[in-house]
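No lab work stands behind these numbers, since they all come straight from the coordinates. What you see is a predicted model; the values in this text were computed from it and never measured. Here the Cβ positions follow ideal geometry from the backbone for every residue, glycine too, while neighbour counts run over all protein chains shown.
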């Protein structure tokens, strides 16, 4: 996965329902390009360089994994979907939507189809004015001047007026306000850590990650499961209790909620698969004694993956000690999870089948999962 990049996009419309066209473009950018971090006000500006209705103009900051070339291609597809048609002359024309990449971080790109930074920024107040809302102190990578300085020096004398209506950030359609604590669970390789990380980053949540990588008994268990099963499960019992009790008791005033990539009940699920019956009875007794006062998640999200996808994910992440995990073991864990969840009356459970989804590489799959969780939020 390529690193996230901050890009700055200008939006304009002077034909039809102008505000609707710009909002539709923002929504489509959120869906197919990345999270919208900032939105400027919308400004009414006169048509520049041709006779036409006044424009509505705005600028947004977007976080994306896309390359500049791929970003341009998708923006052109969005323009077409909103109704922009091919130009009928060599000059400027009225249009339903116009989307321009203004900056791609501080990169300088010059080729036949794409020039970044946009070469006309310094001459266009209808771009500089909304940029001031979201990027006042940003230094132009070529001129080395701030947006504020470029605006002050701009010779464009167009009258730029803010309108009373504002754009909506599509991210705010996803709400987690009903929950203080969400646990993401799933089999080995299901993607629970990746999803917990993405939700925490996008929605300002405190992230709680299981410390399994520090467990010295885990590699030994995969080599000699019968010998190390009880020792491993006891070590997890102690460590999960210490971690979750500490994390849940430490409130973070700067975070909106908590999200974890595990729930303590996984100790029961794994131990039932790995331990002989007599050892499991002892373990279960200890488990209920230890965890009797631990807070339960307000929402328990279970990511179901079929065995084939689990094996592919495990291979992809390349942990040596996981290389010999058997299909049978993964299938037993899948059965164990589903059996546990069907018996639950106290947990608020949401099971999401992601066997045909790749939410790490495909943003639409990620948003689909958020929709599934959001449906649960609205119903509960």
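Our helix-only sum for the chain, with -39,500 (n - 2.57) per DSSP H run of n ≥ 4 divided by its residues, gives a mean residue ellipticity at 222 nm of -13500 deg cm²/dmol. Diffusion coefficient (Stokes-Einstein, Kirkwood radius over C-alpha pairs, 4 °C, 1.567 mPa s) for the stretch 174-379: 73 µm²/s, rounded to a whole number.
Pull out the extension gain between residue 216 and residue 15, defined as 0.36 nm times the separation in residues minus the alpha carbon to alpha carbon distance; nm, one decimal. Working shown, then result.
Details: separation 201, 0.36 × 201 = 72.36 nm, distance 6.46 nm.
Full extension of this stretch gives 65.9 nm more.
Subtracting the Cα-Cα distance of residue 94 and residue 161 from their residue separation scaled by 0.36 nm leaves 22.2 nm. Computed on the stretch 192-262, with alpha-carbon pairs under 8 angstrom and 6+ residues apart, the relative contact order is 57 percent.
Report note on the peptides 252-264, 110-122: ranked by the mean count of other C-beta atoms within 10 Å, highest first, their order is 252-264, 110-122. Working from Cα pairs under 8 Å separated by at least six residues, relative contact order for the stretch 5-171 is 31 percent. GNM remark for the chain: springs join alpha carbons under 10 Å apart, and the peak mean-square fluctuation among 186, 52, 318 falls on 318. Overall shape: prolate for the stretch 1-103, with the ratio a/c of the largest to smallest alpha carbon gyration tensor axis at 1.5 or above and a/b above b/c.
Pulled fully out, how much extra length does the chain show between residue 253 and residue 279, if you take 0.36 nm times their separation in residues and subtract their Cα-Cα distance? Before the final figure, lay out the partial values.
Values: separation 26, 0.36 × 26 = 9.36 nm, distance 4.20 nm.
Result: 5.2 nm gained on full extension.
Based on Cα coordinates alone, diagonalise the gyration tensor for the stretch 123-181, multiply each eigenvalue by 5, take square roots, and list the semi-axes in whole Å, largest first. Mind showing how you got there, number by number?
Values: eigenvalues 219, 57, 10 Å².
Here the semi-axes work out to 33, 17, 7 Å.
How many Å³ per residue does the convex hull of the Cα positions in the stretch 61-217 occupy?
Residue-normalised Cα hull volume stands at 221 Å³.
When a/c reaches 1.5 or more, the comparison of a/b and b/c decides; with that in mind, is the chain rounded, prolate or oblate per its Cα gyration tensor? Judged from the Cα gyration tensor, the chain comes out prolate (a/c at least 1.5, a/b above b/c). Label sites at residue 355 and residue 77, each approximated as a point 7 angstrom past Cα along Cα to Cβ, lie 2.8 nm apart. Take every pair of alpha-carbon atoms less than 8 Å apart whose residues are at least six positions apart; their mean separation over the length of the chain yields a relative contact order of 16 percent. Does the stretch 214-320 classify as rounded, prolate or oblate by the C-alpha gyration tensor (a ≥ b ≥ c root eigenvalues; a/c under 1.5 gives rounded; else a/b over b/c gives prolate, otherwise oblate)? Verdict is oblate for the stretch 214-320.
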